[in-house]
Amino acid sequence: MIVQRVVLNSRPGKNGNPVTENFRMEEIYLTDNINEGQVQVRTLYLSVDPYMRCRMNEDTGTDYITPWQLSQVVDGGGIGIIEESKHTNLTKGDFVTSFYWPWQTKVILDGNNLEKIGHLLGCSRVVGICGTHEKCVLLTSELGFDAAINYKKENVAEQLRESCPAGVDVYFDNVGGNISDTVISQMNENSHIILCGQISQYNKDVPYPPPLSPAIEAIQKERNITRERFLVLNYKDKFEPGILQLSQWFKEGKLKIKETVINGLENMGAAFQSMMTGGNIGKQIVCISEEISL
C-alpha cells in the first residue's frame with residue numbers, strides 16, 4: 001500500500017529558527033504483510049513538542065534522545081488504532097500510543113514497544129507565566145490558576161512578587177533564560193526547580209541544560225534550591241498508572257485539557273514552527289485521521 005510520511009528535509013542549524021521547509025512530505029510503499037509480534041496501525045494523532053528542536057541538530061547534546069536523520073522519517077509521540085495484529089496482547093481496534101511514533105499515515109510497529117491507552121497535589125497557590133492575554137485569561141478562568149503573568153506585556157518580577165508574596169516553593173521550568181532567572185531569584189530556601197525544558201534556548205548553540213548565570217547560581221546554592229532534570233523516559237513504569245490517574249481526574253472535572261489541533265500530515269512542519277513561537281494554546285497536536293474520534 002502507498003502511505004504518506006514526513007521526513008527531515010534540512011537542518012535549521014544550532015543557532016537558527018526552524019521553518020516549515022525543514023520538513024518534507026513524501027509517499028512510500030508499505031508492505032501489507034506483518035511479522036509475528038508486529039501490528040499495523042493507522043495514525044490518528046501526532047504530538048509536536050519543544051524537545052524536538054534538539055533532534056533537528058546533528059547532535060542533540062544529550063544521551064537519551066537521538067537526532068533525526070536527513071531524508072528519514074521523523075518520529076515522536078503518537079496515538080493510533082490497530083488495523084491488523086500478530087501480537088498476542090494486542091487486537092484489531094485497540095488504541096495504542098508510543099513515544100517513538102513515525103510521522104506517517106500508517107505504520108508497522110513492534111507491539112512490545114506500544115502502550116494500550118487506558119490543586120490535586122496540595123499546592124496552595126499556582127501561578128502561570130505565558131505570552132498572550134488570551135492565555136492568561138484561560139489559565140485563571142478555566143484551568144484553575146490563581147494568577148497568570150503575561151511576560152511580553154508585564155514586569156515579571158513585580159507581578160511575581162504580587163502573586164507570590166511568600167515566595168516560590170516549586171518552579172516547573174519549561175522556559176529558561178531571563179524568565180527563569182527572575183523566578184529563581186524569588187524562590188525560597190529549600191525550594192525546588194523541576195527542569196523539564198528550556199525552549200528559549202533551543203535555537204542557540206548552548207549546552208543542555210544551559211548553565212545558570214553566576215549571580216543566579218549563587219542564589220541557588222545559598223538558598224539550597226534543587227534543580228533536577230525531569231526526563232519522561234525515566235518514568236516508563238509510571239506511564240500506565242499515570243494515564244489512568246489523569247483520566248480519572250479528567251472524568252471528575254478536576255483536570256482541564258486544552259489542545260491546539262491542526263489537521264493533516266502535510267501540516268506537521270507548520271505546526272512545529274507555530275509551537276516553537278507560541279502559536280499554540282495547550283498541547284499542540286496534529287490530527288492525521290478523522291475517521292475515528294477519541
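The values are calculated or read from the model by the stated rules, or taken from the named source; none is laboratory data. Nothing here was measured: the structure is a model prediction, and the numbers come from that model. FYI the Cβ positions are ideal-geometry reconstructions off the backbone, even for glycines, and counts take in every protein chain you see. Note: areas computed on protein heavy atoms with side chains; ligands, DNA, RNA excluded. Shrake-Rupley method; radii C 1.70, N 1.55, O 1.52, S 1.80 Å.
Some values worked out for this structure:
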| read-out | value |
| --- | --- |
| Peptide ranges 244-250, 279-285, 149-155 listed from the most packed, as the mean C-beta count within 10 angstrom indicates | 279-285, 149-155, 244-250 |
| Neighbour cut-off at most 11 other Cβ (10 Å), DSSP loop, GluC sites (Glu not before Pro), the range 239-294 | GLU252, GLU290, GLU291 |
| Protection proxy ranking, peptides 31-38, 206-213, 18-25, average beta carbon neighbours within 10 Å, highest first | 18-25, 206-213, 31-38 |
| Principal axes of the range 3-47: Cα extent on each, largest first, Å | 44, 20, 18 |
| Radius of gyration, Dmax [the range 32-171; alpha carbons; angstrom] | 21.2, 63 |
| Whole-number accessible area per residue in Å² for the chain, which is evaluated in the context of all protein chains at 1.4 Å | 55 Å² |
| The range 111-180 pair-distance distribution - Cα-Cα, 5 Å bins, rounded % | 3, 14, 23, 24, 13, 5, 5, 6, 5, 2, 0 |
| Cα Rg, Dmax (largest Cα-Cα span) when computed across the range 26-97, Å | 15.0, 39 |
| q = 0.15, 0.20 Å⁻¹: log10 I(q)/I(0) that the Debye formula gives for the range 127-232, counting C-alpha atoms only | -0.64, -1.12 |
| Karplus (6.51, -1.76, 1.60) ³J(HN,Hα), θ = phi - 60°, over the range 125-133, in Hz, Gly and Pro reported as x | 8, 10, 10, x, 10, 8, x, 9, 5 |
| Surface/4 estimate of mean projected area, convex hull on alpha-carbon atoms of the chain, nm² | 16.3 nm² |
| Candidates per trypsin sites (Lys or Arg not before Pro) in the range 55-118, loop by DSSP, up to 12 other Cβ within 10 Å | LYS92 |
| Trypsin sites (Lys or Arg not before Pro) within the range 228-281: DSSP coil, no more than 14 neighbouring Cβ in 10 Å | LYS254, LYS256, LYS258 |
